[in-house]
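Below is one structure, written out as structure tokens; the observations come after it.
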Amino acid sequence: VLSKKMQEALNEQINAELYSSYLYLSMAASLDMIGMEGFSHWMKIQAQEEVVHGMMIYDYVLRRDGEVNLDSIVKPESGWNSALSIAEATYEHEQKVTEKIDALVNTATEEKDNSTLQFLQWFVAEQVEEEANASDLVKKFRLAGEDKTTLFLVDTDLSKRPVLYNFPSNEKENSCELAKT
Ligand SMILES: [Fe+2]
Ligand SMILES: [Fe+2]
């Protein structure tokens, strides 16, 4: 059974993961509006992944006979006007998420909750990936600068990220990939 403190902290993280998803969806919308469809596609998959993270914690809390309490999700920022500013905001956001995961690990340590400590190790490793991916994006868009051809190439490259599940808008293009997974 989870301690009250641990349960609250995990519920807060469910909320933080869903907020991340909402933030990335807001970034995807900005990218669609400035015509960067590849990066927008990448961002929508990022948004999907964050929902999966939230669901992993949701399932874990229930398996420990805890209570899932969903809170309201904060309104995400919007209105970005460049791929670089979005990449930078993503990197900053992921660093904040890493701090949150570290704080959760500390709570699990204080609560002497070894199961949760072990459960959280996946998220610790995942944050290394998330920060590395976001940092990569920043580097790519810094290199591209204002060069339209390079921006187009980077955008095309980002359009290749495999989907987790399909949106109506990419059903035609990706229906075969979905059938394979
Ligand atoms: Fe996450
Ligand atoms: Fe993330």
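The table that follows gives values for the structure above.
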| item | result |
| --- | --- |
| Pairs, first more than 15 Å from residue 9 (Cβ to Cβ) and of a type in the set (A, V, I, L, M) in segment 49-65, second in a helix (DSSP H, G or I) and within 9 Å of ligand 1 (Cβ to nearest atom), C-beta under 6 Å, six or more apart | 51/21 |
| Filtered residue count, segment 34-76, keeping only those that are among the hydrophobic types (A, V, I, L, M, F, W, C) and closer than 20 Å to residue 136 by Cα | 6 |
| Matching residues, segment 110-158, being of a type in the set (Val, Ile, Thr), closer than 21 Å to residue 63 by Cβ and within 16 Å of ligand 1 (Cβ to nearest atom) | 124 |
| Selection within segment 26-46 - within 14 Å of ligand 1 (Cβ to nearest atom) and surrounded by fewer than 20 Cβ atoms within 10 Å (Cβ to Cβ) | 45 |
| Residue check, residue 44 within 24 Å of residue 135 (Cβ to Cβ), free of Cβ contacts under 8 Å to residues at least 12 places away in the same chain and within 16 Å of ligand 2 (Cβ to nearest atom) | no |
| When residues of segment 92-103 are limited to those that are within 17 Å of the chain's Cα centre (by Cα) and closer than 13 Å to residue 12 by Cα, the one nearest to ligand 1 (Cβ to nearest atom) | 97 |
| Exclusive hit being more than 22 Å from residue 127 (Cβ to Cβ), in a helix (DSSP H, G or I) and touching an Asp or Glu at 6+ places or on another chain (Cβ under 8 Å), set 20, 30, 26, 40 | 40 |
| The lone exception for residue 60 - which of (1) closer than 30 Å to residue 111 by Cβ; (2) loosely packed, with under 14 Cβ neighbours inside 10 Å; (3) of a type in the set (Ser, Thr, Tyr) it fails | (2) |
| Test for residue 88: is it under 23 Å from residue 42 (Cβ atoms), among the acidic types (Asp, Glu) and within 16 Å of the chain's Cα centre (by Cα) | yes |
| Residue identified as within 18 Å of residue 30 (Cα to Cα) and of a type in the set (Asp, Glu) among 94, 77 | 77 |
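So that you can scan it fast, the table gives a plain yes or no per residue for (1) away from ligand 2 (no atom under 16 Å from the Cβ); (2) without any contact (Cβ under 8 Å) to a residue 60 or more places away in the chain; (3) surrounded by 14 or more Cβ atoms within 10 Å (Cβ to Cβ):
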residue: 76; (1), (2), (3): no, yes, yes
residue: 81; (1), (2), (3): yes, yes, no
residue: 93; (1), (2), (3): no, no, yes
residue: 99; (1), (2), (3): no, yes, no
residue: 103; (1), (2), (3): no, no, no
residue: 109; (1), (2), (3): yes, yes, no
residue: 113; (1), (2), (3): yes, no, yes
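No value in this document is a laboratory result; all are computed from the given coordinates. Source: prediction; values computed, not measured. Note that each Cβ is placed from the backbone with ideal geometry, even for glycine, and that neighbours are counted across all protein chains shown.
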